[in-house]
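Visitor: Have a look at this one before I ask anything.
The values are calculated or read from the model by the stated rules, or taken from the named source; none is laboratory data. Keep in mind it's a predicted model, so treat the numbers as computed, not measured. Neighbour counts are summed over all protein chains in view; Cβ atoms, including those assigned to glycine, are modelled from backbone coordinates with ideal geometry. Surface areas here come from the heavy atoms of the whole protein model, side chains and all, with no ligands, DNA or RNA. Shrake-Rupley method; radii C 1.70, N 1.55, O 1.52, S 1.80 Å.
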Amino acid sequence: MNDEPALVPELLVTDLDVSLRFWIDACGFTIRYDRPEERFAYLQLGSAHLMLEQAGVGRNWVTGPLERPLGRGMNLQVTVPDSDTIAAALDRSGTALFMTPETTWYRTGDSEVGVRQFLVTDPDGYLIRFQSRVARRPV
C-alpha cells in the first residue's frame, strides 16, 4: 500500500531560509528532502506533507501577481497530537497568532468532533490552522 499523501501543497515563499525557520524551528516539521540549488524543500510532520519553493528561482507556476498576504482565502489545516505545544513554541519565538487557542466542536454527520485549534500566518502570510482532536460525541 502506498502511504504517500494524495495532496501535497506547494507554497511559493519569498525567502526559503526564513520559511524553514518558521516551519521547522517553531512548528516542528522536518525536511524529508531538499534541492538547495533550486531553493526547494519537502517538509513533513507526521502525516502532514508540505513543499516550499522560493519564488524567482527555478520554474514557478504563478497565475497572478504575488502580493502579501499570500494564499488569501485559504487555510491549511494540520492535525497534530498537541496543538498547544506548537502554539507555545510559536509564542516563545515571538510569532503572533492570528487566532489564539480554542476548543470548538464541528458537526460531522451524526456526531461532533471536538478540536483544540489555533491559527497562525507563516512569514509570507499563508494561514495555518493547527488542530488536535480532543473528543467525539453524538449530536
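Visitor: How do Val8, Val62 stack up against each other in accessible area, from largest to smallest, with a 1.4 angstrom probe?
Guide: Accessible-area ranking of Val8, Val62, largest first: Val62, Val8.
Visitor: Provide the gained length on full extension for the span Val57 to Thr108, in nm with one decimal, where the gain is 0.36 nm per separating residue minus the Cα-Cα distance.
Guide: 14.2 nm
Visitor: Give me the net charge for the shell around Thr108: Cβ to Cβ below 15 angstrom, other residues only, Lys and Arg +1, Asp and Glu -1.
Guide: The answer is +2.
Visitor: When the chain is fully extended, how far beyond the present Cα-Cα distance does Thr30 get from Phe98, taking 0.36 nm per residue of separation? Before the final figure, lay out each step's value.
Guide: Details: separation 68, 0.36 × 68 = 24.48 nm, distance 2.32 nm.
The Thr30-Phe98 span can extend by a further 22.2 nm.
Visitor: Here is a further query. Would you give the gap between the C-alpha center of the stretch 94-139 and the C-alpha center of the stretch 23-42, rounded to a whole Å?
Guide: Cα centroid of the stretch 94-139 versus Cα centroid of the stretch 23-42: 24 Å apart.
Visitor: Same structure, new question: Can you compute log10 of I(q)/I(0) for the chain with the Debye formula, treating each Cα as one identical point scatterer, at q = 0.21 Å⁻¹?
Guide: Each listed q corresponds, in turn, to -1.35.
Visitor: Could you please state how large a percent of the accessible area of the stretch 44-119 is carbon and sulfur, counting protein chains only and using a 1.4 Å probe?
Guide: 51
Visitor: At q = 0.17, 0.19, 0.21 Å⁻¹, what log₁₀ I(q)/I(0) does the stretch 1-60 have when each alpha carbon counts as one equal point scatterer in the Debye sum?
Guide: -0.53, -0.66, -0.79
Visitor: About its Cα centre, what dipole magnitude does the chain give when the only charges are +1 on Lys and Arg Cβ and -1 on Asp and Glu Cβ, stated in debye to the nearest 20?
Guide: Dipole size: approximately 380 debye.
Visitor: Now a separate question. Just to confirm, what accessible area per residue do you get for the stretch 6-111 at 1.4 Å probe, in whole Å²?
Guide: About 62 Å² of surface per residue is accessible.
Visitor: What angle, in degrees between 0 and 90 and rounded to the nearest 10, separates the Cα long axis of helix 83-92 from the longest principal axis of the Cα atoms of the chain?
Guide: 50
Visitor: Within 14 Å, Cβ to Cβ, of Thr95, how many net charges do the neighbouring residues add up to if Lys/Arg are +1 and Asp/Glu are -1?
Guide: Once all neighbours under 14 Å are counted, the net charge is -2.
Visitor: So how do 64-72, 122-130, 80-88, 47-55 stack up, highest first, on mean other-Cβ count within 10 Å?
Guide: Result, highest mean Cβ count within 10 Å first: 122-130, 47-55, 80-88, 64-72.
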